[in-house]
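See below for the structure under consideration.
The values are calculated or read from the model by the stated rules, or taken from the named source; none is laboratory data. Remember, it's a predicted structure, so these values are computed and weren't measured experimentally. Positions of Cβ are backbone-derived with ideal geometry, glycine not excepted, and every protein chain shown enters the neighbour counts. The area values use the complete protein model at the heavy-atom level, side chains included, leaving out ligands, DNA and RNA. Shrake-Rupley method; radii C 1.70, N 1.55, O 1.52, S 1.80 Å.
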Amino acid sequence: MGEPARRRVTEEARTIRVELGYLNRFGQSRSVNAYFVRYGTEAVIIDTGNGTYEHHSRILEEWTNLGQPRVRFILLTHGHSDHSGGARKLAEVFEAPVAIHRLDKPLLTNAVPLVPDDLRTIDSQLNLGAAPITPLHTPGHTNGHVCFLLTGEATLFSGDTVPAVASTLIGRTHGNMAAYLESLRSLLKIQFGTVAPGHGKMVDDGWRRTLDVLEVRLRREGEIVALLRVSPRTAEDIIGVFYGASASSATRTMGLTMVESHLRHLESNGRVSMTDGRWHLGRKSL
């Protein structure tokens, strides 16, 4: 069941976090969040869990606890299956349209083959009663990742762009480190208080947390450059320095993915290049 859903009450809207547990591909216990944003007798759902019976039942249980408000929209921060896998079932139950950024539509279709026919594209502000919800395109984790700003509460539903703890994985298939860093910078230009992340507890000082995430990523790039200033290295060599031999397989795998993403970003800026399987400073010789 996880911890009780957290409720934040204002005169405008209520945000309810629904924690959904699962095991990741390394067999580790993790959780992902779905959210209800309720205004009067209406609500929207932001992210849907992975579509398992446990996740689906937990979301319906919370909906019942809320008095069964009319669900107007199901909004997806991005198309990864842990966030979007329950979209089809919930759309059928609530007879509500699913909305996702157009760049993540192919990802959603692959993750959930039988998505509802009424699949909409997120492209403008929507209103839940008098509570405006503004989509903010924040690519990096995926090309079509979107955060949602609930203006009345100054709450940012950050999906996987601003994690509550640790780091967001920026992978080779869907990720782009340059876009991710720019998305974090763009969020710092707006005002918000609470971050409601895709995983973990809500963060009260969300703007500060966003700045911390950006600083961690920039510091990591500096550390990579410092290592390459000493000598050329493979990505595996760099991971060995950062994590040591005692790190778990999961930590090393995710760390390697992040280091490779940083290296590709540095390469795109001409700061590093690869020769004979090793990374070094500067561009390749022509």
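Out of segment 233-282, which residues are hydroxyl-bearing (Ser, Thr, Tyr), open to solvent by less than 70 Å² (accessible area, probe 1.4 Å), modelled with pLDDT under 95 and not in a helix (DSSP H, G or I)?
Of everything in segment 233-282, those that are hydroxyl-bearing (Ser, Thr, Tyr), open to solvent by less than 70 Å² (accessible area, probe 1.4 Å), modelled with pLDDT under 95 and not in a helix (DSSP H, G or I) turn out to be Ser248, Thr275.
Restricted to segment 117-143, and to residues that are free of Cβ contacts under 8 Å to residues at least 60 places away in the same chain and among the hydroxyl-bearing types (Ser, Thr, Tyr), which residue is surrounded by the fewest Cβ atoms within 10 Å (Cβ to Cβ)?
Selected residue: Ser124.
Could you identify the single residue in Leu23, Leu76, Leu60 that is modelled with pLDDT of 95 or more, open to solvent by 10 Å² or more (accessible area, probe 1.4 Å) and among the hydrophobic types (A, V, I, L, M, F, W, C)?
After applying the criteria, what remains is Leu60.
With the requirement that a residue be out of contact with any strand residue (DSSP E or B) (no Cβ under 9 Å at 6 or more places or on another chain), among the hydrophobic types (A, V, I, L, M, F, W, C) and more than 28 Å from Val37 (Cα to Cα), what does segment 182-224 give you?
Selection gives Val216, Leu218.
Restricting attention to segment 193-213, report how many residues are crowded, with 16+ Cβ neighbours inside 10 Å and within 24 Å of Asp82 (Cβ to Cβ).
14
Please go through segment 89-114 and pick out each residue that is at pLDDT below 90 and either more than 28 Å from Leu187 (Cβ to Cβ) or of a type in the set (D, E, K, R) (or both). Explain how you work it out, then say what you get.
Initially, segment 89-114 is screened for residues at pLDDT below 90, giving 105-114.
Lys105, Pro113, Leu114 - these are the residues of segment 89-114 that are at pLDDT below 90 and either more than 28 Å from Leu187 (Cβ to Cβ) or of a type in the set (D, E, K, R) (or both).
Can you tell me which of (1) open to solvent by 10 Å² or more (accessible area, probe 1.4 Å); (2) within 23 Å of Ser261 (Cβ to Cβ) is the one Thr161 doesn't meet?
(1)
Please go through (1) among the aliphatic types (A, V, I, L, M); (2) open to solvent by 40 Å² or more (accessible area, probe 1.4 Å); (3) at pLDDT 95 or above for Val9 and return the number of the only condition it doesn't satisfy.
(3) is the only condition that Val9 fails.
Do the conditions hold for Asn50, that is, is it under 21 Å from Ile122 (Cβ atoms) and either in contact (Cβ under 8 Å) with a residue 60 or more places away in the chain or more than 16 Å from the chain's Cα centre (by Cα) (or both)? Steps first, please.
Numbers: under 21 Å from Ile122 (Cβ atoms): yes; either in contact (Cβ under 8 Å) with a residue 60 or more places away in the chain or more than 16 Å from the chain's Cα centre (by Cα) (or both): no.
Considered against the rule, which asks whether it is under 21 Å from Ile122 (Cβ atoms) and either in contact (Cβ under 8 Å) with a residue 60 or more places away in the chain or more than 16 Å from the chain's Cα centre (by Cα) (or both), Asn50 comes out as no.
For segment 173-192, enumerate the residues that are small (Gly, Ala, Ser), in contact with a helix residue (DSSP H, G or I) (Cβ under 8 Å, 6 or more places away or on another chain) and surrounded by fewer than 21 Cβ atoms within 10 Å (Cβ to Cβ).
Hit for segment 173-192 is Ala178, nothing else.
One line per residue, one yes/no per condition, for (1) part of a loop (DSSP other than H, G, I, E, B); (2) of a type in the set (D, E, K, R); (3) on the phi > 0 side of the Ramachandran plot:
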residue	(1), (2), (3)
Val37	no, no, no
Leu60	no, no, no
Val71	no, no, no
Gly79	yes, no, no
Arg88	no, yes, no
Glu92	no, yes, no
Ala96	yes, no, no
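Which of the numbered conditions does Leu169 fail, given that it passes all the others? Conditions: (1) open to solvent by less than 50 Å² (accessible area, probe 1.4 Å); (2) under 12 Å from the mean Cα position of the chain (by Cα); (3) of a type in the set (A, V, I, L, M, F, W, C).
Result: Leu169 passes all but (1).
Which numbered condition trips up Ala196, out of (1) closer than 23 Å to Leu103 by Cβ; (2) assigned to a strand (DSSP E or B); (3) touching a His at 6+ places or on another chain (Cβ under 7 Å)?
Exception for Ala196: condition (3).
Restricting to segment 231-248, what's the tally of residues that are of a type in the set (A, V, I, L, M) and without any contact (Cβ under 8 Å) to a residue 12 or more places away in the chain?
2
Being in contact (Cβ under 8 Å) with a residue 24 or more places away in the chain and open to solvent by less than 40 Å² (accessible area, probe 1.4 Å) is the filter here; which residues of segment 214-230 pass it?
Hits for segment 214-230 are Leu214, Arg217, Glu221, Ile224, Val225, Leu228.
Counting only residues that are within 15 Å of the chain's Cα centre (by Cα) and closer than 20 Å to Leu136 by Cα, how many does segment 183-225 have?
Let us first name the residues in segment 183-225 that are within 15 Å of the chain's Cα centre (by Cα), namely 183-184, 187, 195-203, 206, 209-210, 213-214.
From the residues that got through so far, the ones that are closer than 20 Å to Leu136 by Cα too are 183-184, 187, 195-199, 202-203, 206, 209-210, 213-214.
Final tally of qualifying residues: 15.
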